[in-house]
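Working notes, beginning with the structure itself.
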Amino acid sequence: MLQEMDGYNSQPKKNIAVLASGNGSNLSAIIDAVNLGTIKNANISLVVSNKKEAYALKRAKDAGISSIYVPRSQFCSDEDYDLYLISLLIEHRIELVVLAGYLKIITWPFLKAFKDRILNIHPSLLPDFGGRGMYGMKVHEAVIKSKSLKSGCTVHLVTEEIDGGTILAQEEVDISNEDTPETLAAKVLKKEHKLYPQAISNFVSSMSHESRFIK
Ligand code: GRF
């Protein structure tokens, strides 16, 4: 299988897989960025979801991107599940994995196979309001409760420590007295849609020009 070339610098474009469990608005932002050329050095080759009802699957289909629902129930363990995902990603020659609202812990075989090649976006200014159990509205509820004056979003590398990998990019939002978890979530999500594509583009540019795969 041949890889598409980036016309600007004649390097093969990197193949990205996006893993998503829910709405997929970040997926859409990344798709738009690829189409508009904000991300010019990569393609989304595959979208994977562990949730059948994930709207992200519909967004992928509408964009003409291969997508697959992989039910956890078909596997004995999370490690077996991830071993299957690894085989799928290798089959699609994936070089970068982007988590976009993927609500499933990544196990060690996956972390090992794609070491330093898995990105995530978290809806707070990490290291604050991260870690186990801190996802979705729980993050924004905790931020509002803490009376913080700022929140934001963070793009980071995924490691075995939940939300603990190297921080690649952050964007802040101001919190006003009137903000609720819902209004804060909307403000942060808007920032995510700009930050994530930009961070992905920068990360892909910093990746070695050597493809992991033989053409
Ligand atoms: C985002 O807030 C992201 O930070 C978090 O999950 C949410 C996903 O939203 N990891 P969407 O599915 O991309 O709309």
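The values are calculated or read from the model by the stated rules, or taken from the named source; none is laboratory data. Predicted model, so just to flag it, every value in this text is computed and none were measured. Glycine also receives a Cβ, built like all others from the backbone with ideal geometry; neighbour counts cover every protein chain displayed. With ligands, DNA and RNA removed, areas are computed over all heavy atoms of the protein, side chains included. Shrake-Rupley method; radii C 1.70, N 1.55, O 1.52, S 1.80 Å.
Here's the picture: charge each Lys and Arg Cβ at +1 and each Asp and Glu Cβ at -1 in the chain, and of Ile144, Ala169, Ile39 the one pushed furthest to the positive end of that dipole is Ile39. Using θ = phi - 60° in the Karplus curve 6.51 cos²θ - 1.76 cosθ + 1.60, the 3J(HN,Hα) couplings for region 199-205 round to 5, 5, 4, 4, 5, 4, 4 Hz; x is entered for Gly and Pro. In order along region 13-22, the phi-based Karplus estimate (6.51 cos²θ - 1.76 cosθ + 1.60, θ = phi - 60°) of 3J(HN,Hα) comes to 6, 7, 8, 9, 10, 10, 10, 9, 10, x Hz; Gly and Pro are listed as x. When the surface is traced with a 1.4 Å probe over the full set of protein chains, Met134 keeps roughly 50 Å² accessible.
Report, to one decimal in Å, the Kirkwood hydrodynamic radius for region 122-183 based on all distinct Cα pairs. Averaging 1/r across every pair of different Cα atoms and inverting gives 11.8 Å. In the chain, helical runs assigned H by DSSP with n ≥ 4 each contribute -39500 (n - 2.57); averaged across all residues and rounded to the nearest 500, the mean residue ellipticity at 222 nm is -11000 deg cm²/dmol. Set against the 2.2 N^0.38 Å expectation for a compact globular protein, region 16-149 has a Cα radius of gyration ratio of 1.09.
The calculated FRET efficiency for Tyr69 paired with Lys150, based on their beta-carbon distance and R0 = 45 Å, is about 0.75.
With every protein chain in place and a 1.4 angstrom probe, the accessible-area ranking of Ser151, Ser206, Ser87, largest first, reads Ser206, Ser87, Ser151. Which stretch or stretches of region 168-186 have amide N atoms under 19 Å from the point lying 7 Å from Asn202's Cα along the Cα→Cβ direction? Within reach of a label on Asn202: 168-174. Sorting Phe110, Phe203 by accessible area puts them as Phe203, Phe110; the probe is 1.4 Å, largest comes first, and only protein heavy atoms count. Taking 23 Å as the limit for the C-alpha separation, the pairs Lys138/Lys187; Lys147/Lys187; Lys61/Lys138 exceed it in the case of Lys61/Lys138. What you get for region 18-87, charging only the Cβ of Lys and Arg (+1) and of Asp and Glu (-1), is a dipole of about 300 debye around the Cα centre. Surface composition of the chain: carbon and sulfur atoms hold 53% of the protein heavy-atom accessible area at a 1.4 Å probe.
Derived scalar couplings between HN and Hα for region 179-195 equal 5, 10, x, 5, 5, 5, 4, 5, 4, 5, 4, 4, 5, 4, 5, 8, 5 Hz in order, rounded to whole Hz, by the Karplus curve 6.51 cos²θ - 1.76 cosθ + 1.60 (θ = phi - 60°), x for Gly and Pro.
Within region 58-105, the percentage of alpha carbon pairs spaced more than 12 angstrom apart rounds to 72%. What is the calculated FRET efficiency for Asp116 to Met137, with r their C-beta to C-beta distance and R₀ = 41 Å, to the nearest 0.05? The computed FRET efficiency comes out at 0.85.
Relative to one another, the C-alpha centroids of region 132-193 and region 72-100 are positioned 27 Å apart. The average projected area of region 18-73, computed from the convex hull of its Cα atoms over all directions, is 3.4 nm². Placing unit charges on the Cβ atoms of the charged side chains and taking the dipole of the chain about its Cα centre, the candidate lying farthest along the positive direction among Val18, Ala199, Ala186 is Val18.
Computed over protein heavy atoms with a 1.4 angstrom probe, the accessible surface ordering of Tyr135, Tyr196, largest first, is Tyr135, Tyr196.
For region 70-187, the relative contact order works out to 22 percent when only alpha carbon pairs closer than 8 Å and six or more residues apart are counted.
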